[in-house]
Amino acid sequence: VQMSDGVSVGGKVVFTFDGDEAGQKAAMKAFGEEQRFYAGTFVAVAPDGKDPCELWVEQGPRAVAELVDRAEPMFRWAILAALRSVDLETAEGRVAGLRLAAPVVAGIRDDALRRDYIRLLSGWLGAAEAHTLREVTAAARGRRDRSASDARPPVWRPPVDLVGRSEHDVLAAVLQFPGLAPPEFDQLGGDAFQAPELRAVHDAIRAAGGVAAAGTKDWASWVATVRDLAAGPVAGVVTALAVESLPVREGGEADYLRGVVGGLFQLGVTRRLGELRAKLGRLDAMGDAAGRDEVLAEISALMAQRERLRGD
């Protein structure tokens with residue numbers, strides 16, 4: 001039943017689409033309309049890529065009925081579609097998958113259903129549920145911000161927690177003195193920064209070629225390139241970081257950069273060690289001796305790297 005305001009109540013809604021790229025885009029567009037329905041909403045896409053009309057002509061109405069019977073919930077389909085677009089065997093792919101899927105989960109209005117999909121997404125990614133929750137919360141905050149009045153300019157404030165402040169100090173120093181940044185900065189992966197705004201700034205720096213590319217042009221042009229590559233309000237964060245006062249005396253910038261970048265590296269190593277120790281526990285429970293040896297080797301290498309960083 002469709003109410004006067006356009007919302008439908010009751011029943012079951014199944015969307016069917018072609019298996020090609022255009023069909024996938026149409027399915028995602030339908031996902032945007034999903035919450036107009038208070039019914040169970042599902043997606044049915046033929047595995048061989050045929051559209052429902054072709055299926056009907058070639059195999060008859062029973063084939064279409066079977067396709068509809070195999071439909072999966074709309075939210076599940078949209079999340080898995082996002083995850084299928086990345087390589088979940090790599091850390092970078094899992095981080096990218098979380099960033100793609102988090103806005104989908106954040107768009108679920110039903111609190112209980114959203115919590116359940118946070119749990120499911122954590123399992124699909126092998127990520128801590130608390131980490132997935134933070135990413136979904138950040139995505140939900142972004143949705144609210146985008147729906148606010150465009151006339152009110154966004155105000156960015158530096159993080160106040162210790163980890164966020166450390167990330168902030170690194171980016172401010174790198175943006176102001178890219179030529180003095182240690183080359184290790186360009187080795188930082190996409191998951192090195194946890195604060196969403198700072199992670200976006202780091203993504204823009206990487207897209208600009210990293211600090212290695214800063215030497216090919218003057219400082220103002222390089223910062224302008226980073227700003228142009230930053231999305232929307234993040235461009236303002238780039239500007240704020242590029243002019244912020246640094247707690248360093250003139251002539252000590254290089255040492256300061258080595259210190260803050262080294263500190264961020266240590267945080268990343270510590271984070272990775274925690275992930276590996278958790279994985280080691282799972283492998284021990286499964287009796288996977290070969291996998292256990294690989295993890296132990298990586299743990300040993302990381303601990304040696306951490307000691308070198310502390311020595312520096």
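Candidates Val261, Val269: the one that is modelled with pLDDT under 85, in a helix (DSSP H, G or I) and touching a Phe, Trp or Tyr at 6+ places or on another chain (Cβ under 7 Å) is Val261.
Checked against (1) open to solvent by less than 70 Å² (accessible area, probe 1.4 Å); (2) modelled with pLDDT of 80 or more; (3) under 24 Å from the mean Cα position of the chain (by Cα), Arg277 passes all but condition (1). From the list Arg119, Arg70, Arg84, Arg115, the lone residue that is open to solvent by 80 Å² or more (accessible area, probe 1.4 Å) and farther than 30 Å from Asp203 by Cα is Arg70. Considered as a group, the residues in region 87-98 that are among the aliphatic types (A, V, I, L, M) and without any contact (Cβ under 8 Å) to a residue 60 or more places away in the chain include one that is most open to solvent (accessible area, probe 1.4 Å), and that residue is Leu88. Among the residues of region 280-295, those identified as surrounded by fewer than 16 Cβ atoms within 10 Å (Cβ to Cβ) and in contact with a helix residue (DSSP H, G or I) (Cβ under 7 Å, 6 or more places away or on another chain) are Asp284, Gly291.
Is it the case that Ala214 is open to solvent by less than 40 Å² (accessible area, probe 1.4 Å), modelled with pLDDT of 85 or more and more than 26 Å from Gly126 (Cα to Cα)? Yes.
Close Cβ contacts (under 7 Å, 6 or more residues apart or on different chains) running from residues in region 168-181 that are in a helix (DSSP H, G or I) to residues that are hydroxyl-bearing (Ser, Thr, Tyr) comprise Ala173/Tyr256. Checked against (1) open to solvent by 20 Å² or more (accessible area, probe 1.4 Å); (2) more than 23 Å from Phe193 (Cα to Cα); (3) of a type in the set (Ser, Thr, Tyr), Thr41 meets all criteria but (1). Pairing residues of region 221-236 that are within 19 Å of Gly142 (Cβ to Cβ) with residues that are open to solvent by 20 Å² or more (accessible area, probe 1.4 Å) and among the charged types (D, E, K, R), at Cβ distances under 7 Å and at least 6 apart in sequence or on separate chains, gives Val234/Glu197; Ala235/Arg227.
The requirement of being open to solvent by 30 Å² or more (accessible area, probe 1.4 Å), at pLDDT below 70 and closer than 21 Å to Ala139 by Cβ is satisfied by Gly32. The sole residue among Leu188, Leu241, Leu171 that is modelled with pLDDT under 90, open to solvent by less than 70 Å² (accessible area, probe 1.4 Å) and among the aliphatic types (A, V, I, L, M) is Leu188.
The values are calculated or read from the model by the stated rules, or taken from the named source; none is laboratory data. What you see is a predicted model, and the numbers here were worked out from it, not measured in a lab. Reconstructed Cβ throughout: ideal geometry from the backbone, glycine too, with neighbour counts over all protein chains shown. Side chains are part of the model used for accessible areas, which takes the heavy atoms of the whole protein and leaves out ligands, DNA and RNA. Shrake-Rupley method; radii C 1.70, N 1.55, O 1.52, S 1.80 Å.
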